[in-house]
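Below is one structure; the comments refer to it alone.
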Amino acid sequence: MNDTPGWASPGSAPSDGKGTEVPRPSAPADDAPSGTWAAEQPPAGQWTPPGPTGAGPTGAGPTAPPPRPGAHTPPQGPGWGGSWQGPGWGGPPPAAKPGVIPLRPLGVGEILDGAVSTMRAHWRTVLGITLTVSVIAQTAILFIRRYLLPDPPSVDANATGSEALRQLNESLRYNLLDSAPPLLVTMLATIFTTAVLTVVISRSVLGRPVTLSDAWAEARPRLLPLLGLTLLLAVMAAAIMTAGILPGFLIGDTAGVGLAFLGLLAAVTVFLWLTVRFILAAPALMLERQSIIASMRRSAKLVRGAWWRMFGILALTWVLTVIVALVVGIPFGIVAVGLDDGSLSSFLTEGTTEFGWPFLIVSAIGDVVVATLTYPLSAGVMALLYVDQRIRREALDLDLARAAGLPGFDDRG
């Protein structure tokens, strides 16, 4: 493992079936062979098992064999022989923590705490990335909505029959056209921030500082592959949803509506399963320098057997993201409507929403604040889930400990 965010060569992971050797802690300082007794043994009849209070036959404690030269001897503090509460004997030692997470399998709280700790420890870098990208993205969305999108169609609340269906069809087409450019800009912004923030998180796990220029230099060569991965997953999702609802639309009438609904449920189920299955593809692509298809296979291998756990953590992250978005976005929305009452009045009287500059600007500021807070949380959870699964499956904690320069680890496999 090197000290860059790759940690190990892509083909060396045990889960890939290309090798099972992982680095181990260095051997103890003494070179005496383990499992051998000292030459001198205690005389027969002088060894007595410790009693309930740990006292020997004379009340002064158990009589133990003399230690061999150079051997490690257990602590002889209070509790020896009974409660095992001397220094170092109360349980396994705590895992090393060179950075934002301990180097062992992580719990849900530790993953979320690691993402938040990364934001705090590297706030200048994280804020510089997310704020810059969010401002550019929201500015682009603002001008697209103001100048490039057509005016919303008027809706007559009293329309019936074919006229009502026509208005509904126009409204649906406008909503799709209105949401497509912002979704595309948001996707590009998410790709950029995920790429750079994954590098930041990989350094924070090792407890190493990282600047914005360092993170950009590491992430830049992987932006195009990450874009390809995102587009491929988006095309897969669109194909699944189309295959689910298209037969119902082709049939038409009441039976077609029922079939389209069942197809939509099936498509959503398959889409959700594939989303969790490939959720670690982006971290694998970034940190292991994998290709698009290889990163998808890597994610499927790491998620195998842990689908429900991954789904629960991602669902919790999504709920937290929605809560943050609502807490921050609702006040900005209220202020935006208050400053631009023309949009509200046109909606109430004509059924249209023609937003003015005050509404668009205040809403964009709110979206920038929301994105600045939620992008690092989502990217951090995905990257730390990847680290956690590799620790559980491939003993990545040993590689990380060695890369962090912790004592007791060497380069031997």
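The values are calculated or read from the model by the stated rules, or taken from the named source; none is laboratory data. Everything numeric here is computed off the predicted structure, so don't read it as measured data. Reconstructed Cβ throughout: ideal geometry from the backbone, glycine too, with neighbour counts over all protein chains shown.
Side notes on the structure shown:
- Contacts under 9 angstrom Cβ, first residue in segment 294-318 being within 25 Å of Arg222 (Cα to Cα), partner of a type outside the set (A, V, I, L, M, F, W, C) and not in a helix (DSSP H, G or I), 6 or more apart: Ala294/Glu288; Ser295/Glu288; Met296/Gln290; Arg297/Gln290; Arg298/Glu288; Arg298/Gln290
- Elements of type helices (runs of 4 or more DSSP H) contained in segment 224-331, each with 2 or more residues being surrounded by fewer than 17 Cβ atoms within 10 Å (Cβ to Cβ) and either at pLDDT 90 or above or more than 14 Å from the chain's Cα centre (by Cα) (or both): 253-277, 292-303
- Single residue of segment 332-384 satisfying the filter (more than 24 Å from Ile136 (Cα to Cα), surrounded by fewer than 21 Cβ atoms within 10 Å (Cβ to Cβ) and among the hydrophobic types (A, V, I, L, M, F, W, C)) that is modelled with the highest pLDDT: Leu344
- Cβ-Cβ contacts under 7 Å between residues 6 or more apart (or on different chains), taken from a first residue in segment 364-385 that is over 27 Å from Ile144 (Cα atoms) and in contact (Cβ under 8 Å) with a residue 40 or more places away in the chain to a second residue that is part of a helix (DSSP H, G or I) and among the small types (Gly, Ala, Ser), are listed as Leu377/Ala115; Gly380/Gly114; Gly380/Ala115; Val381/Ala115; Met382/Ala282; Ala383/Ser202; Leu384/Gly114; Leu384/Ala115.
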